[in-house]
Amino acid sequence: MLFFSELLIFWGLFFFTPKDYANTFPCSPIPFIQNGIPGDWLYFENHANSQYERVGYDFDDTILISRDGSVIDIKPVFNLTIVKRLILDIKLKRKIYLISNRNEDQRSEITRLMRSIFSPQDLIGINIILLGGTNELKAKYIESNRIDVYYGDSDSDMVYAIMGGAKPVRVLRNTISKDKHGANIGIFKEFIMGCSQRAS
């Protein structure tokens, strides 16, 4: 668990990263990079630290590319790289947790969006947790649900994954995302999912 001083450093990084900072991480044919060293996803999948059963996903800029901030677009753009990953996790019978900072009154809208890409049977296996603006509770939910791996785009996702005991995996933001700050890629020595900023 991180100490208070470390959390202060994190919040400083989050708030003072220039707002015009765009994450245009180069796309690589290598699926994952960790600590600047290329590493194939199969390594992650086949070693002891990857024998996992519970997977968590952030929503905005992880599954849904946020072109209009908190507003869900009439014509949403999904991160198809992550959608494919999520579908594979479902096929492998892993327990899926979608943990979002959105409000409870947006549940039906989020469910409707998920229905456009997942079958009703697949949706049954996805636990949707809406934090309603209390994003700091994310670590608690990751820990209490014993989530092994957590996918997210922001520094807060990486911090809360680590605090909750999950392996953090950084999803790169698409350049059309409205959110241009709070993503200091690699600062937490997380796995980085190469090419994950692509919408198709």
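Quick check, is Tyr160 at pLDDT 85 or above and either in contact with a Ser or Thr (Cβ under 6 Å, 6 or more places away or on another chain) or surrounded by fewer than 19 Cβ atoms within 10 Å (Cβ to Cβ) (or both)?
Considered against the rule, which asks whether it is at pLDDT 85 or above and either in contact with a Ser or Thr (Cβ under 6 Å, 6 or more places away or on another chain) or surrounded by fewer than 19 Cβ atoms within 10 Å (Cβ to Cβ) (or both), Tyr160 comes out as no.
Considering each of Ser144, Ser100 in turn, give the residue that is among the small types (Gly, Ala, Ser) and either buried (at least 20 other Cβ atoms within 10 Å of the Cβ) or touching a residue at least 40 places away in the same chain (Cβ under 8 Å) (or both).
Unique residue meeting the criteria: Ser100.
Go through region 186-200 residue by residue and tally those that are more than 13 Å from the chain's Cα centre (by Cα) and modelled with pLDDT of 75 or more.
Here the count works out to 4.
If I filter region 102-113 down to residues being assigned to a helix (DSSP H, G or I) and not charged (D, E, K, R), which single residue comes out as nearest to Lys75 (Cα to Cα)?
Checked region 102-113; the qualifying residue nearest to Lys75 (Cα to Cα) is Leu113.
Assess whether Thr81 counts as being closer than 19 Å to Pro168 by Cα, of a type in the set (Val, Ile, Thr) and at pLDDT below 90.
yes
I need the full set of residues from region 101-120 which are more than 19 Å from the chain's Cα centre (by Cα) and among the hydroxyl-bearing types (Ser, Thr, Tyr), in order please.
Residues satisfying the conditions are Ser108, Ser116, Ser119.
The values are calculated or read from the model by the stated rules, or taken from the named source; none is laboratory data. Computed from a predicted structure; not experimentally measured. Glycine gets a Cβ as well: all are built from the backbone with ideal geometry, and neighbour counts include every protein chain shown.
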